[in-house]
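See structure below.
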Protein chains: 2
Amino acid sequence: MEDLNKTLTIDDIARELGISKTTVSRSISGKGRIGAETRKRVLDYIDAIGFKPNPQARGLAQSRSYNIGWIIPGDSELSSLSFFQRCMQGVIDVAAKKDSDVLIGAVNGNNISGLKRIVENQKVDGVILGQSLRKDPAIAYLKEKKLPFVVVGSTEVKGVVQVDNDHLAACSELSSIIRMKNVRFVSLIGGDRSKVVNETRRKGFEAGIGSVKHNEYVNCSNVADIERAVEAALSDGVDCIICEDDYICFYVMSKLRRDGVDIPGRIKVASFYNSRMLEGIQPAVTSLQYDPMELGEKACSILLDMIEGNEVPERTLLGYEVILKASTQ
Amino acid sequence: MEDLNKTLTIDDIARELGISKTTVSRSISGKGRIGAETRKRVLDYIDAIGFKPNPQARGLAQSRSYNIGWIIPGDSELSSLSFFQRCMQGVIDVAAKKDSDVLIGAVNGNNISGLKRIVENQKVDGVILGQSLRKDPAIAYLKEKKLPFVVVGSTEVKGVVQVDNDHLAACSELSSIIRMKNVRFVSLIGGDRSKVVNETRRKGFEAGIGSVKHNEYVNCSNVADIERAVEAALSDGVDCIICEDDYICFYVMSKLRRDGVDIPGRIKVASFYNSRMLEGIQPAVTSLQYDPMELGEKACSILLDMIEGNEVPERTLLGYEVILKASTQ
DNA sequence: TTGAAAGCGCTAACAA
DNA sequence: TTGTTAGCGCTTTCAA
């Protein structure tokens with residue numbers, strides 16, 4: 001009679017099947033030469049009894065943790081949360097498929113102790129940065145540590161593996177579509193300049209809007225800033241407002257509606273980013289649409305490739321969709 | 001000359017210091033008898049060279065992972081995200097303090113494969129459920145697995161360790177404060193009944209509102225539902241609306257404002273939950289305020305206690321604040 | 001108070 | 001194709 005409380009090991013499996021534990025190990029990992037028949041026998045048995053190899057032991061032997069770190073700002077705004085949530089889901093899904101799990105680390109501005117912790121304690125084989133700042137201490141730290149990592153979003157730092165949507169092309173395309181609509185004067189209302197993506201969007205705007213008269217209200221970091229920008233734009237006499245993201249657009253729309261401004265009659269509105277935050281808003285807003293989950297999946301699969309020692313592209317750009325709605329009709 | 005690329009081990013430390021690795025191990029863990037002086041010497045040295053013990057090796061020897069699982073719904077609504085975010089921050093902070101890290105698992109309704117993965121692969125020593133449903137398969141699963149776990153929120157299942165705010169007392173208190181304001185007819189607008197907390201809030205409402213005429217519009221799951229409920233309440237002739245959460249309140253407020261309903265003149269409004277979603281809304285909304293981060297901290301510290309084998313209280317209730325603002329003046 | 005030695009459960013040369 | 005054996009880096013009896 002076996003002790004049923006004892007956790008099983010590959011030794012037990014080996015004994016039970018009358019083979020060596022190496023063979024069991026090889027059957028599970030699929031590495032090394034092994035007879036197809038033997039392997040099937042082992043796998044079937046393992047499956048039947050629900051055996052799962054101990055990850056600590058495997059990790060110790062291979063010096064790998066089979067964990068990756070997912071690093072996000074602990075103080076991120078409401079508006080970024082659903083992006084991170086979807087993106088993380090993509091990361092988790094791909095990681096699981098490749099037998100890894102996701103350890104979470106929170107950074108707060110320049111305080112990257114949450115990242116350092118999991119890296120220095122050797123809890124992860126690599127790291128995904130959910131966000132990148134203009135001068136990102138996390139990137140500097142990871143480069144120095146020589147740990148595999150990929151950043152979601154773009155960075156100006158050379159030699160950093162990154163996955164992003166093609167914001168420049170997207171914003172430029174949307175802006176030029178707006179331009180075609182015979183607008184006279186356009187305001188861009190934008191957020192925090194320390195985020196790389198915001199600058200990219202601004203550049204896309206400039207590229208796409210071309211010779212049309214325009215101005216920019218950036219660095220809006222709260223509702224009051226946004227509403228002030230809207231008022232300024234109104235008194236400038238613009239006939240179109242383009243918002244750098246969904247959060248801004250949300251407040252621009254409610255401000256305009258509250259002031260009884262006709263959209264799109266008096267003012268057209270478009271957003272460089274779309275999320276569930278904008279759903280249900282009337283009139284529906286023209287916007288750029290991305291797939292954050294795909295971003296997470298791609299980032300994770302690239303990271304796992306790096307961990308395996310494979311070559312990966314330094315920059316991967318994913319697509320976008322332009323969604324034309326009533327707000328720019 | 002040492003090989004500088006080699007990762008250090010306690011053996012190296014021991015050799016360097018002319019002691020045994022057992023002593024080094026004991027110095028680090030603080031377990032077992034050890035001379036204070038020796039210990040200080042070891043600790044100082046370790047600190048100086050920045051040595052961190054290998055967690056896999058320690059885990060293997062102790063059969064612990066020093067990871068805990070943080071489980072959240074992958075499909076959670078926008079409105080819950082900031083709660084989870086803050087709560088998770090509390091979990092991470094406390095875990096780090098006790099030398100553990102946080103592995104993330106996503107569940108989707110009844111699909112708890114994300115939870116099963118990390119549990120069955122022995123990647124965590126315990127689990128925190130960020131949310132509990134009325135009939136929660138995650139709870140059933142964890143009970144059966146006999147893994148330590150705590151749920152944030154309340155559950156009717158017996159013998160489950162839980163940490164929650166005292167919603168019943170809070171909602172009852174706020175409702176009775178409203179009652180004192182001589183309202184004639186109050187509507188409760190509520191959300192998903194499958195969430196335990198919503199039912200608790202409703203009960204608190206009933207307890208506090210007492211003999212004042214009232215009715216309830218529950219199960220609102222989107223903006224349209226909420227707006228319909230507001231219209232119904234208006235045509236019922238209520239002079240007060242109490243919202244079950246911030247998300248609902250947000251849309252109630254915008255609907256009322258859009259319809260030109262005077263708040264609090266014609267209708268008073270209060271919310272059973274407050275978050276950054278409500279900030280900036282005019283007039284400011286009377287609400288209940290909780291501290292999600294404290295919830296996470298408490299949940300984590302209780303879980304770690306359980307993992308250590310200590311006794312813990314089955315139910316822990318944390319406080320709340322009633323914030324009176326202009327919307328009920 | 002300290003040390004020697006035997007694991008923890010797996011992987012990976014190297015042999016067979 | 002399979003098995004033997006020596007680790008991976010730490011903890012924990014047991015002895016000194």
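The figures follow:
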| read-out | value |
| --- | --- |
| Those helices (runs of 4 or more DSSP H) lying entirely in region B:1-104 with at least 2 residues within 16 Å of DNA strand D (Cβ to nearest atom) | B:10-17, B:21-29, B:36-49, B:55-62 |
| Any hit, region B:247-255, residues being among the charged types (D, E, K, R) and within 14 Å of chain A (Cβ to nearest Cβ) | yes |
| Single residue of B:21, B:52 found to be within 14 Å of chain A (Cβ to nearest Cβ) and in contact with a helix residue (DSSP H, G or I) (Cβ under 7 Å, 6 or more places away or on another chain) | B:52 |
| Matching residues, region B:48-88, being under 27 Å from the mean Cα position of the chain (by Cα) and charged (D, E, K, R) | B:64, B:75, B:77, B:86 |
| Residue under evaluation residue B:118, criteria (1) in contact with a helix residue (DSSP H, G or I) (Cβ under 6 Å, 6 or more places away or on another chain); (2) within 23 Å of residue A:59 (Cα to Cα); (3) of a type in the set (Val, Ile, Thr), criterion not met | (1) |
| Residue in region A:66-83 that is modelled with pLDDT of 90 or more and either charged (D, E, K, R) or loosely packed, with under 15 Cβ neighbours inside 10 Å (or both) present | no |
| Some residue of region B:258-266 being in contact with a strand residue (DSSP E or B) (Cβ under 6 Å, 6 or more places away or on another chain), among the β-branched types (Val, Ile, Thr), closer than 29 Å to residue B:317 by Cα and not assigned by TED's automatic domain parsing to the domain that holds residue B:97 | no |
| Restricting region A:293-319 to residues that are buried (at least 23 other Cβ atoms within 10 Å of the Cβ) and within 14 Å of another protein chain (Cβ to nearest Cβ), the residue that is farthest from residue B:223 (Cα to Cα) | A:300 |
| Meets criteria (at the interface with chain B (Cβ under 7 Å from one of its Cβ atoms), surrounded by fewer than 21 Cβ atoms within 10 Å (Cβ to Cβ) and under 17 Å from residue B:81 (Cα atoms)) for residue A:89 | yes |
| Breaking point among (1) under 21 Å from the mean Cα position of the chain (by Cα); (2) more than 14 Å from chain A (Cβ to nearest Cβ), for residue B:234 | (1) |
| In region B:62-78, the residues that are more than 9 Å from chain A (Cβ to nearest Cβ) and among the hydrophobic types (A, V, I, L, M, F, W, C) | B:68, B:71 |
| Matching residues in region B:30-49 - criterion: being more than 13 Å from chain A (Cβ to nearest Cβ), at pLDDT 90 or above and within 26 Å of residue B:93 (Cβ to Cβ) | B:43 |
| Selection count where residues are within 17 Å of residue B:296 (Cβ to Cβ) and of a type in the set (D, E, K, R), scope region B:139-166 | 2 |
| Check on residue A:119, under 30 Å from residue B:50 (Cβ atoms), within 16 Å of DNA strand D (Cβ to nearest atom) and either buried (at least 20 other Cβ atoms within 10 Å of the Cβ) or in contact (Cβ under 8 Å) with a residue 40 or more places away in the chain (or both) | yes |
| Residue satisfying condition, being closer than 30 Å to residue A:92 by Cβ, among the aliphatic types (A, V, I, L, M) and touching a Leu at 6+ places or on another chain (Cβ under 6 Å), within set B:107, B:91 | B:107 |
| The lone exception for residue A:274 - which of (1) loosely packed, with under 15 Cβ neighbours inside 10 Å; (2) within 14 Å of chain B (Cβ to nearest Cβ) it fails | (1) |
| Number of positions in region A:140-197 that are closer than 22 Å to residue A:231 by Cα and in contact (Cβ under 8 Å) with a residue 40 or more places away in the chain | 12 |
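Table: residues versus (1) within 14 Å of chain B (Cβ to nearest Cβ); (2) more than 25 Å from residue B:260 (Cβ to Cβ).
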| position | (1), (2) |
| --- | --- |
| A:212 | no, yes |
| A:227 | yes, no |
| A:242 | no, yes |
| A:267 | no, no |
| A:279 | yes, no |
| A:291 | no, yes |
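The values are calculated or read from the model by the stated rules, or taken from the named source; none is laboratory data. Not measured: the values here are computed from a predicted model. Heads up, the Cβs are rebuilt from the backbone with ideal geometry, glycines too, and the neighbour counts pull from every protein chain shown.
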